[in-house]
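Every read-out reported here was derived from the displayed coordinates using simple, explicitly stated rules and does not represent laboratory data. Computed from a predicted model, the values in this text were never measured in an experiment. All Cβ positions, glycine included, derive from the backbone under ideal geometry; neighbour counts span all protein chains shown.
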Ligand code: ATP
Ligand code: MG
């Protein structure tokens, strides 16, 4: 299905923005600690149309966003960026959380792998989120990777092949 990638990301981000508010209401009843976070968006002015499996890609972005919140202390900023080059689009999701030790960077995409078992167990989860994300991104012929500094935060990147949408086939690029 062809989607406008800007709209797609804004839709997901808005949903997380709403969760902040509903969580706060819920936290007041339950006494559970509230987690505050701010989501910044840095998207492209031009629309980017891409053919993706929307449900599966939503799952990927949801997991990375959930991780960014889950593995960050209160008060962090999450920055979602969208870039486009000639042949790729790049989505990056940066957090100011715990970070990932260098030795674990490649392994976080393995099934069931979780950094620091004790710490992760408290947070809940199975360790499958990123393994599934990798499968989905690779099924789209894309790549997923992470840069991270312990104690400072992590940035997850998703790159997907991109071809300018050209419904006519023979039209001049400038007019499409
Ligand atoms: P699930 O997603 O299945 O609920 P999970 O979040 O533990 O469980 P993954 O999403 O696959 O599993 O992440 C694997 C591990 O990578 C996590 O347990 C955590 O240790 C580490 N990790 C993932 N994202 C971050 C992040 N943004 N900051 C720090 N550590 C992270
Ligand atoms: Mg996860």
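Numbers for the structure displayed
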quantity: Ordering of 41-53, 66-78 by burial proxy (mean other Cβ atoms within 10 Å per residue, highest first); calculated: 66-78, 41-53
quantity: Long-range Cα-Cα pairs in the range 65-114 (distance over 16 Å), rounded percent; calculated: 56
quantity: Separation in nanometres of the label points that stand 7 Å from Cα toward Cβ, at residue 42 and residue 123; calculated: 2.3
quantity: Sites residue 147 and residue 20 - FRET efficiency at Förster radius 22 Å, r taken between beta-carbons, to 0.05; calculated: 0.30
quantity: FRET efficiency estimate (nearest 0.05) - Cβ-Cβ, residue 116 to residue 62, R0 22 angstrom; calculated: 0.45
quantity: Neighbour-count order for 37, 113, 157, fewest beta carbons within 10 angstrom listed first; calculated: 113, 157, 37
quantity: Descending Cα extents along the principal axes, the range 34-147, whole Å; calculated: 43, 30, 26
